[in-house]
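Everything on this sheet refers to the single structure shown next.
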Amino acid sequence: MAKQNVISARTPQASAVALDKLRAVLGVSRALIEIADETELLELVARSTCTYLGFGRCFVFVREADDAFHIRASYALANVDPVEVSPSYSIPGAIYEIISANAERIGEVLWVDGRSAVISDSRVAPHIIPTPATAKESTSWHSASLLFAPLLGRDGEVVGLLGPDDPLDGQLPSGDSALVLETFAHLSSVALQLIRARNNATAQLRILEAQRQQVARLFEASTTVKREIQLDDMLSGIARTMAEAGGFARVALMLLDPGSSLLKIRATYGLSDKEVDHLSTHQLDLADFAPMMQPEMMISRSFLYDHSKFQVPQTLLESLSIPSPARDWRPGMWHPLDSLNIPLYDSDRKLLGIVSIDEPTNGYFPELYHVQALEFFADQCATAVSQVILYRQLEVIAETDALTRLPNRGTFSTRMIEALEASAARGEPASLLFMDLDHFKRINDTHGHLNGDLVLKSIARRLRSSVRKVDLLARFGGEEFVLFLGGTDLEAALTIAEKLRSRIESHFIALQDGLRVRTTISIGTASTSSLDLSVVKDSAALAETLLFHADNALYDAKASGRNRVSCAIDSLGSRTEAQRLPKHTHPRVDLNHFGAFRPH
């Protein structure tokens, strides 16, 4: 159809009508730029298009992260026939491009005759909603006709569509009226960009201020809290800030467990204790979470899961904690099944974890600028978290024996003092076992040092599996091991020592050359319940004293034939002798002979 047939004739009367329309929309323009809420703006645009530009209905679409134009506002005059349009109705970007390529243009306004081939195109037809015409004698307007005034962004990209429908006079707008519609669309675009710019700046400021406060708080806490506690405190602060500054009611922060694909809940906000327990007890594998993070769900670099477009896997539903929707929920609003998932990456772009955000306080899906502000904060947090994790890993390396993965001598000395103070505070005894493998040099000389290392690692595993989690087991050096037993008197310590001696004696170890060897162990035992400690002034001196007596008892066990348990029984200050326990003999010690432990 030729353009001259599309545009209504320009008459003095038509120009006068267009001038009145222009005055009306210019009057609305001040209200447009003063509105701070995007939804309120779009509703005013739809209402004004009908009220001042002579249309029975108007729909306003906004282009979102999925490249589709989603209906965000609509209005209809009271005297037009009602039309049911779903709040979730949208026009895919690819369909808009087909419509645009086949549309007639009135300036920048696009028009497609409802009787044209493009409307019946199998790709386009499912997205067309015919609307009855109010002017029954209309010849130029069809119920399936489309009229769009693009809302253009700063760089000329189409960010939305103003879709007037059902002209009350049954005619296409004249050239002057189309220019007014085009002008109103431009004013609406400017107002929309102003709102987004203001909201983006506000969100950035809120995020930056929250970040500044959190960094200051963590810096202050760093002098008084240990690194592990500091990390938990940091993660809780991130979850809280994401919610309060980001405008969400619920946040769950999950970190990827090193060496596995499990996501572990480390911090939450807005979840009940019951929900947190549920999430903690249901291990969530990264593979299970993958359906919530597909390429088609991406907005910026995050993943916006819309339950109306994708199906939640049943296994994930069972693992997650999902509340019921609010009573006033309606299609197009945020649903409890929806979620925004922001990946956390370290500096090498390795996945650290995921921040899962839910329930926006305004009830609607977040805009792109909102997601990007959250990502900015998430990136800063990921850097801080990765640094703390790296520090902790280095700390663990420094505290751990590289061969056996047990605490090393320095770590043991520090923790033993802390454990002695805890036992003293509870009024409990404590004991120490000093252990040494018998004739270990023969294994190195006969089978080589690599096989010697295998023996040490195997013995370490055997010992670790034989003691309580609360006990402190360490490699003291060479083939020596130490074991601190809190809340344990001498008699109980001797029983434990004999059990360990027996387990090592019966343990066969496979070597690299296919041979199997067995070794034995000698153990020296000392306990606060069996020594006169009245002159010991502090926990550090007490630790030294226990080590001294246990070491002497070990020397005695070695001198008495090895593969046995001995214990220190003399009072402090005199030469320590030991009660020798032949192998396979259960210790019997008269505790009445020993001085009581008096903590200082």
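The values are calculated or read from the model by the stated rules, or taken from the named source; none is laboratory data. If you're wondering where the values come from, they're calculated on a predicted model, not measured in any experiment. Virtual Cβ from ideal backbone geometry, glycine too; neighbours counted across all protein chains shown. Just the protein is used for accessible areas: all its heavy atoms, side chains included, with ligands, DNA and RNA removed. Shrake-Rupley method; radii C 1.70, N 1.55, O 1.52, S 1.80 Å.
The slack between residue 273 and residue 518, meaning 0.36 nm per residue of separation minus the straight C-alpha distance, is 83.1 nm. Using the Cβ of residue 56 as centre and a radius below 11 Å, the other residues enclosed give a net charge of -3, where K and R count +1 and D and E count -1. Projected onto their three principal axes, the Cα atoms of the stretch 34-81 cover extents of 35, 27, 14 Å, largest first. Computed in the context of the full set of protein chains, the accessible area of the stretch 409-480 at 1.4 Å probe radius has 50% of its extent on carbon or sulfur.
How much of the calculated P(r) for the stretch 366-413 lies past 16 Å, in percent of all Cα pairs? In whole percent, the long-distance tail amounts to 58.
Using the empirical formula 2.2 N^0.38 Å as the baseline, the Cα radius of gyration of the stretch 65-146 reaches a ratio of 1.15. With all pairs of separate Cα atoms included, the stretch 339-486 yields a Kirkwood hydrodynamic radius of 19.5 Å.
Whole-Hz Karplus values for the stretch 174-184 come out as 5, x, 5, 5, 5, 5, 5, 4, 4, 5, 5 Hz, taken residue by residue from phi with 6.51 cos²θ - 1.76 cosθ + 1.60 and θ = phi - 60°; glycine and proline positions read x. What the Cα atoms of the stretch 64-200 give is an Rg and a Dmax of 15.1, 48 Å. Distance between the pseudo-spin-label points of residue 94 and residue 51 (7 Å out from Cα toward the beta carbon): 4.0 nm.
Eigenvalues of the alpha-carbon gyration tensor of the stretch 435-567, scaled by 5 and square-rooted, set the equivalent ellipsoid semi-axes at 29, 14, 13 angstrom, largest first.
With all protein chains in place and a 1.4 Å probe, the accessible surface of the stretch 31-134 carries 51 percent carbon and sulfur.
Fully extending the segment from residue 129 to residue 155, taken as 0.36 nm per residue of separation minus the present Cα-Cα distance, adds 6.3 nm.
Where the centre of each part is set by its Cα atoms, how far does the stretch 510-545 sit from the stretch 17-46, in angstrom? Measuring centre to centre over Cα atoms gives 84 Å. Note on the stretch 62-108: along the principal axes its Cα atoms extend 34, 29, 14 Å, ordered by decreasing extent.
Fully extending the segment from residue 169 to residue 287, taken as 0.36 nm per residue of separation minus the present Cα-Cα distance, adds 36.7 nm. Taking label positions 7 Å along the Cα-Cβ direction at both residue 348 and residue 540, the computed distance is 3.9 nm, reported to one decimal. Inter-part distance, the stretch 432-482 to the stretch 105-155, computed on C-alpha centroids, equals 83 Å.
Legend: distances between Cα atoms for 21/136; 457/537; 274/469; pairs beyond 30 Å are 457/537.
Which distance in nm do the two modelled labels at residue 510 and residue 466 give, with both placed 7 Å along the Cα-to-Cβ direction? Result: 2.1 nm between the two label points.
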